[in-house]
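Following: one structure in structure tokens, then a few remarks.
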Amino acid sequence: MRTSRVQRQRAFTLVEILIVVIILGILATIIIGLFQNGTKDAAAASLKDNLRNVRSQLQLYVAQHGGYPSLANFEQQMTQYTDADGNVSAVKNATHQYGPYIISMPVLPVGVNKGKTGVTSLTYTAGFGWGYEPTSGIIKANTPDTEVDPDGVAFNTY
């Protein structure tokens with residue numbers, strides 16, 4: 001007599017597969033959230049670094065010129081050679097011996113004006129990266145008050 005053994009194949013049930021898919025979805029949501037927050041944190045840190053560098057170079061400009069660059073010529077006075085009165089030259093010579101203080105204006109790394117480098121007054125103006133006040137030397141991110149970092153601090157208050 002021949003006995004046949006029926007082997008039962010083991011497979012995953014639909015419920016087990018659904019549980020695994022749900023767990024993977026939850027993990028993916030957590031990981032994507034961490035990466036998005038990391039990107040926002042990096043942009044905020046970049047903004048702080050850019051402001052720190054420009055502010056530092058503004059202080060050097062003041063030490064050499066006795067005053068801050070003008071709003072109208074801010075970018076040229078910071079990125080080219082200047083004389084004692086702040087007049088600009090693309091080349092260094094006996095008269096234009098100061099600077100350049102920065103290679104180029106940094107791009108704004110956050111907000112609706114992200115990627116912009118232009119300088120305007122401290123009152124928010126669309127299309128510019130930076131807000132500057134020449135009598136006090138205050139320079140800030142040119143962003144609306146509603147744009148904030150992950151901690152809820154407005155970018156234009158850095």
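Structural remarks
- Size of the range 7-71 as Cα extents on the principal axes (Å, biggest first): 92, 19, 11
- Secondary-structure-derived ellipticity at 222 nm for the chain, considering helices only, amounts to -13000 deg cm²/dmol, per-run term -39500 (n - 2.57) for DSSP H runs with n ≥ 4.
- Close amide H partners of Y98, meaning residues 5 or more places away or on another chain with modelled amide H under 5 Å apart, are T82.
- Contact order normalised by residue count of the chain, Cα under 8 Å, 6+ apart, percent: 16
- Cα Rg, Dmax, the range 72-115, angstrom units: 12.8, 42
- Distance from the range 142-158 to the range 21-75 (C-alpha centre basis), Å: 11
- The rule of thumb for compact globular proteins, 2.2 N^0.38 Å, goes into the C-alpha radius of gyration of the chain 1.87 times.
- Across the range 94-102, rounded Karplus estimates of 3J(HN,Hα) from the backbone phi angles (6.51 cos²θ - 1.76 cosθ + 1.60, θ = phi - 60°) give 4, 7, 9, 10, 9, x, x, 8, 9 Hz, Gly and Pro being marked x.
- For the chain, the longest principal axis of the alpha carbon atoms and the long axis of helix 14-65 meet at an angle near 10°.
- Under 14 Å from K140, Cα to Cα: aspartates and glutamates that are on another chain or at least 8 residues apart: D49
- Packing-based ranking, highest mean first, of 103-115, 12-24, 87-99 given that Cβ atoms within 10 Å are counted: 103-115, 87-99, 12-24
All of the numbers you see were taken from the coordinates with simple rules; none came from a lab. All of these numbers come straight from a predicted model, not from anything done at the bench. Glycine gets a Cβ as well: all are built from the backbone with ideal geometry, and neighbour counts include every protein chain shown.
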